[in-house]
1. In the chain, what % of DSSP beta bridges are antiparallel (nearest 5)?
2. If each of residue 88 and residue 170 carries a label point 7 Å out from its Cα toward its Cβ, how far apart are those two points in nm?
3. Looking only at the range 334-366, which residues have a backbone nitrogen under 20 Å from a spot 7 Å from the Cα of residue 397 in the C-beta direction?
4. Would the range 147-267 count as rounded, prolate or oblate if I go by the C-alpha gyration tensor, calling it rounded below 1.5 in a/c and otherwise prolate when a/b exceeds b/c, oblate otherwise?
5. Using only alpha carbons, build the gyration tensor for the range 245-319 and give me the equivalent ellipsoid semi-axes, biggest first, whole Å.
6. Of the listed values (i) 22.9; (ii) 25.0; (iii) 23.5, identify the label whose number matches Kirkwood radius over Cα pairs in Å calculated from this model.
7. Modelled label-to-label distance, residue 331 and residue 95, 7 Å Cα→beta-carbon offset: nm?
8. How much length, in nm to one decimal, is gained on full extension between residue 322 and residue 294, taken as 0.36 nm per residue of separation minus their Cα-Cα distance?
Amino acid sequence: MNDAPTQVARYHESRASTYSKRLPITPVEADGAHLRDVNGRWYLDCLAGAGAVSLGWNHPVVTEAIRRTLDSGQPLLTLDFHTPARDEFVDDLLATLPSGLANDCVVHLCSPSGANAIEAALTLAEIATGGHEHIAVQGGFHGCSRAARSVSSGGRLRRPPIMLSPCVHFLPYPQEYRCPFGAGGADSVRLAINAIDNLFTSPHSGLTAPASVLTELVLGEGGVIPAAPAWAQALRNAASQASIPFIADEVQAGVYRTGPAWAFDRCGVEPDMIAISKGLGSGVPIAVLVIRRRFNVWDEGTFTGTFRGSTMAFAVASAVLRFAARSGLDEHVAAMGLLLKQGLSEIANDAEIIGDVRGIGLIAGAEIIDPTVTPGPRNVQQPGAELAHMVQAECLAGGLIVEIGGEHGNVVRFLPPLTIAASEIASVLEIFSGAVQRVQRAMYEVRLLDTESA
C-alpha cells in the first residue's frame, strides 16, 4: 500500500487546507511526542494536533479507553441521553473546577469543536442578557464559524466578502514586548485596565447593549501571551458590574496546558462560562460549555447538535482527567515548561533574530524579528514573518514540527504533548537552535550579496 498522497488526492484538496501545505509530510505512525512520515523519518512533534493531543500520540490510557468502549457494546452516539460514560465524565470534569463554580454550574454538550462551544456561549449570553454586543480582545482567536470568527480579531478571518454576525468591541490586550500603547510593563496593564473602564463607563464608547466578555487567558494564535492577572480580574469585575457573563476560552490553553487544570486558575478569576475542547479528548473530538447556573436560561432545543454525545469521547476525556490527577501532570507540565522557556531564552540571548520569548507551562513562543530593519518605538525590532517561516522549514528539515502564529505571523510556537520528557525538550531546543543559526547565517549572506550587487 502506498501511503503517500496521490496526485488525485492533492487535486481534490480544498484551498483552505493549511498544514498539508505548510508542513509537507505524510504522517503514518505516531507515538508519544513523535510522528513518523511515509518516508520512514521520525519527527519530534511540538504541534501535537494544534495542542489537542494533550497526552501525546496513542497514549495508553487513551487507546485503552477507546478499546474498552468499542468492546463494551455501548452505543457510540447517544445525543444527550444520560449514560454511565457521560455521567462519569461530568463528575471528572467538575472535580477540576473551583468548588464554588463546580457546585453552581451545568455542563452543556456541544458538537465536537471549540468553535461550536464558543457559538453556544455567545448564543446563550444574548439570550440571558438581552444584549447583542460582545466584548473580545485584540489578538484573540476563537474559531472559524461565523460567530466565532466575529469575536476573533485577526484580519484574515474578517476580510470581505465574509459576513460577520455579532456586534463586537475589541479591547487592547496588555503585553510587554509589542505593547498596544507603546509603554510595556506595569503601564501596559494599567492602560489596558483604563480601556476596560472607559468602554463600560464612557457615554461615547459605543457600547449600549453588552452581552458578554470573552477572552483567552493565554493568547495562543495571537502569539503566546499570558494574561496579566490584574487585567483579567478587571475584566471579570467589569462583566460582573454589567451583569453579563465572563467567558473563558480554554480551548487551547485549558486541560493542564499551562500547568494548572485551567489557564484562568493562575489569574485568580472564576468565569461564568468555560469553552473546553482540544486537549480534553487528547485527539478524540469533544467539546463542552460549562455554564454558571444563573445564565442557564435557554429553552429546550435552543442549541443542539447530532454528534454532541459520543460515548468514546466521554470515556477518553475521563481517562485524560483521571490520568492528570493521579500522575501529577500539573507539576510535570510546570517543570517541563520551565526547561523549555529557559532553553529558548538561552538561545535568544545568542540570536539576533529572536526578539522575545514567552510562555507558561507547555505553551511557548519565540518571536522572530528582522534585525536589518530600523526598530520601532521602544527600540522594538520589526516582525520577521518571512524569517519565522524559514525557521519553521529548517526545524522540519532537522526533524522538529513547530507552528507559526502571532499578530504578525512571526512567532514560532511550541505546543508539545504534556507528557514530553526532559530529554525530548533538550532535543527540541537543539534542533531549534540549529535552525535559528542557519536562518541567521542565510539572512546575512543574502544581505551581503545585496550589498555587493548594489
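1. Values: 35 of 52 bridges.
Of all bridge pairs located within the chain, approximately 65 percent are antiparallel.
2. 4.4 nm
3. Only 351-354 pass the distance filter.
4. On the way: a/c = 1.30, a/b = 1.10, b/c = 1.18.
Taking the square roots of the gyration eigenvalues as a ≥ b ≥ c, the range 147-267 is rounded.
5. Details: eigenvalues 86, 78, 13 Å².
Computed over the range 245-319, the values are 21, 20, 8 Å.
6. For Kirkwood radius over Cα pairs in Å, the calculated option is (i).
7. 1.8 nm
8. Values: separation 28, 0.36 × 28 = 10.08 nm, distance 2.88 nm.
In short, 7.2 nm is gained.
The values are calculated or read from the model by the stated rules, or taken from the named source; none is laboratory data. Keep in mind it's a predicted model, so treat the numbers as computed, not measured. Don't worry about glycine lacking a Cβ; one is built from the backbone with ideal geometry, like all the others, and counts go over all protein chains shown. The area values use the complete protein model at the heavy-atom level, side chains included, leaving out ligands, DNA and RNA. Shrake-Rupley method; radii C 1.70, N 1.55, O 1.52, S 1.80 Å.
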